[in-house]
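Everything below concerns the one structure shown next.
What follows is calculated from the coordinates using simple rules that are stated; it is not laboratory data. Values in this document were obtained by computation on a predicted structure and should not be read as measured data. Please note: Cβ atoms are built from the backbone with ideal geometry, for glycine as well, and neighbour counts cover all protein chains shown.
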Amino acid sequence: MEYKKRIVDDLLDLKLESFGATLIKGPKGCGKTTSAKQKARSYVEFQDEEVRENLLAVAEAAPKRLLIGEKPRLFDEWQDAPKLWGTIRKDVDDTGENGQYILTGSSSKEIDVAHTGTLRISQLQMYPMSLYESEESNGTVSLMELFEKPDRFDGCESDLTIDDLIFAICRGGWPRALLNKTPRSKLEIAKDLYKQTYSVDISNIDNVKRNGKWAQALLQSYSRNICTLAETKTIFGDVKANFDVTDVTLYDYLHALEKLYIVEDIDAWCPAIRSKTVIRASKKRNLIDPSIAVAALGLSPDYFNTDFKTLGFLFESLCIRDLKIYSSAFDGAMSYYHDRLGLEADGVLHLNDGRYALLEFKLGSNEIDTGAKHLIEIENLVKEYNAKEPQCPLRLPDLKIVITGTQYGYKRDDGVLVIPVGCLKN
């Protein structure tokens, strides 16, 4: 089975070069173990039933013995042997060598450790696959090159049809789904992951028994409100309309879903261009992959032939997922802008050196003009602020991009770039 290269591969190389050990974290089924095995020269798999009992006995009695082997040495499902954490931490201290260990494990099991592992065991976030990693985006437009040389962008053409995008949204970026042969079997992976989340993982994450029906209702409400600024009380109200459950309990469930890397909200960008009372600072609701929302709502690709509004929100979630992956190579971070006067940018992509891009996500071509207008208005607000406050000016956006589900990309006369999501890469 040929390994599909992941963007996280190069990041793992850097972690191994810089730290003694690296913990890869992320949602269940995103490919953590498979990617780690590409770098490891030896590994220990605690889920191998033939040797599991013996390995666990050694890990309990003499965990240091498990460290013997070629480096980097991978420990998969390391949470099954929690003493390993402290043992690895001490070994890294004693040897002072980098690139010795990789740890992966199920996000559905959280372990309390005595020491954080700071500066010894670094952490690396992994996501499901982007469209470029699944070889559906043709990758003709590099996000990093856009920041470095925006004037060189002279257009592009996507190979993805609207039906292709709909299917990709419903299937998600789960590696297992890409290995399946038939369309219906590809769609089953996200459905199963969703069911496992609310029925099993929500309790296993910290060994606290939770009600699967309440967790399911919470996920369904989140999915109905994906990529909106729905207030927490609105989401909780959906659940409480059918179940007798308190806000305190639902906050606990929501926190558990965050620890499972299922819920991943988007923070607001709050520059000083408006009064603080004007800019909305609540989180934009989002899931790690839009396919979870599709599964939670019980939808299929055919459904979206008549519901383009819901499809638009799910398309935005797909774009945010991919941009997080593409920008991870340079410590990117996603936020959004929205004020009470109606001005918004669906996304703001920040680089660690201060550069940023204003983004709108528009599935079809008929909304491109509106999206571009929003981005220019925000840029003009920054210019107006800088004219009033020359002593502490804000940086102007380095890029203004409308990301679409259309076929063609181009540069508009107003300087806004129109780029199909099916052309992007890191």
When N counts the residues of segment 1-160, how does its alpha-carbon radius of gyration compare numerically with 2.2 N^0.38 Å, as a ratio?
1.22
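For a 27 Å ceiling on Cα separation, which of these pairs sit above it: 209/233; 71/209; 388/425?
Flagged as over cut-off: 71/209; 388/425.
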Output ³J(HN,Hα) for segment 57-66: one whole-Hz value per residue in order, computed from phi by the Karplus curve 6.51 cos²θ - 1.76 cosθ + 1.60 with θ = phi - 60°, and x for Gly and Pro.
5, 5, 4, 7, 8, 8, x, 5, 5, 6
Only Lys, Arg, Asp and Glu count, each charged at its Cβ (+1, +1, -1, -1), so figure out the dipole size of segment 141-425 about its Cα centre, rounded to 20 debye.
640 debye
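For every other residue with a beta carbon closer than 12 angstrom to the beta carbon of residue 170, add +1 if it is Lys or Arg and -1 if Asp or Glu, then tell me the sum.
-1
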Flagged links, alpha-carbon separation over 20 Å, of 324/400; 39/64; 284/324; 28/240:
39/64; 28/240
Working only with C-alpha atoms, what are the Rg and Dmax values of the chain, expressed in angstrom?
22.6, 71
Over what distance in Å are the Cα centres of segment 200-245 and segment 403-424 separated?
36 Å
Kirkwood Rh over alpha-carbon pairs of segment 177-223 plugged into Stokes-Einstein at 10 °C, 1.306 mPa s gives a D in µm²/s of 136 µm²/s
For residue 23, list long-range residues whose amide hydrogen, built 1.01 Å from N in the peptide plane, is under 5 Å from its own amide hydrogen.
103, 122, 123, 124
Gain upon complete extension [residue 163, residue 39; 0.36 nm per residue less C-alpha separation]
41.0 nm
Give the calculated FRET efficiency between residue 17 and residue 384 to the nearest 0.05, with a Förster radius of 45 Å applied to their Cβ-Cβ distance.
0.50
Can you put 178, 119 in order of Cβ neighbours within 10 angstrom, beginning with the fewest?
119, 178
Taking H as built 1.01 Å from N, whose amide H comes closer than 5 Å to the amide H of residue 74, not counting residues under 5 places away?
41, 42, 43, 44, 102
Peptides 72-78, 372-378: what's the order by average Cβ count within 10 Å, highest mean first?
72-78, 372-378
Pull the list of the chain cysteines that no other Cys approaches to under 4.7 Å, Cβ to Cβ.
30, 170, 227, 270, 319, 392
Give me a comma-separated list of calculated 3J(HN,Hα) values for segment 413-424, in order, Karplus coefficients 6.51, -1.76, 1.60 applied at θ = phi - 60°, integers in Hz, x for any Gly or Pro.
4, 7, x, 6, 8, 10, 10, x, 4, x, 10, 7
Quick one: which residues, 5+ away or cross-chain, put their amide H under 5 Å from the amide H of residue 408? H built at 1.01 Å from N.
158
Provide 89, 340 in ascending order of the number of other Cβ atoms located within 10 Å of each residue's Cβ, fewest first.
340, 89
Find how many whole Å separate the alpha carbon centroid of segment 290-316 from the alpha carbon centroid of segment 39-66.
42 Å
The farthest towards the positive end of the charge dipole of segment 8-125, of the residues 86, 104, 47, given +1 on Cβ of Lys and Arg and -1 on Cβ of Asp and Glu, is 86
Cleavage-rule hits, GluC sites (Glu not before Pro), segment 1-65, DSSP coil, Cβ neighbours within 10 Å at most 11:
2, 49, 50
With θ taken as phi - 60° and the coefficients 6.51, -1.76 and 1.60, list the Karplus ³J(HN,Hα) couplings across segment 295-310 in order, rounded to whole Hz; mark glycine and proline as x.
5, 5, 8, x, 9, 9, x, 5, 4, 7, 5, 10, 10, 7, 5, 4
Please state the shape class of segment 207-326: rounded when a/c is under 1.5, otherwise prolate if a/b exceeds b/c and oblate if not, all from the C-alpha gyration tensor.
oblate
Sort 275-288, 325-338 by packing, meaning the average of other beta carbons within 10 Å per residue, with the highest value first.
325-338, 275-288
Mind checking segment 187-267 for trypsin sites (Lys or Arg not before Pro) that DSSP puts in a loop (not H, G, I, E or B) and that have at most 14 other Cβ atoms within 10 Å?
209
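Starting from the Cα-Cα distance between residue 54 and residue 68, subtract it from 0.36 nm times their residue separation and give me the gain in nm to one decimal.
Once the chain is fully extended between residue 54 and residue 68, it gains 3.5 nm.
Could you rank the peptides 159-167, 406-414, 382-390, 289-297 by their average count of other C-beta atoms within 10 Å per residue, with the highest value first?
Going by the mean number of other Cβ atoms within 10 Å, highest first, we get 289-297, 159-167, 406-414, 382-390.
Does segment 317-426 come out rounded, prolate or oblate, given a ≥ b ≥ c as the square roots of the eigenvalues of its C-alpha gyration tensor, rounded meaning a/c under 1.5 and, failing that, prolate meaning a/b above b/c?
Oblate shape, in that a/c is at least 1.5 and b/c is the bigger or equal ratio.
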Highest-MSF residue in the chain out of 88, 235, 273 [GNM, Cα springs under 10 Å]:
273
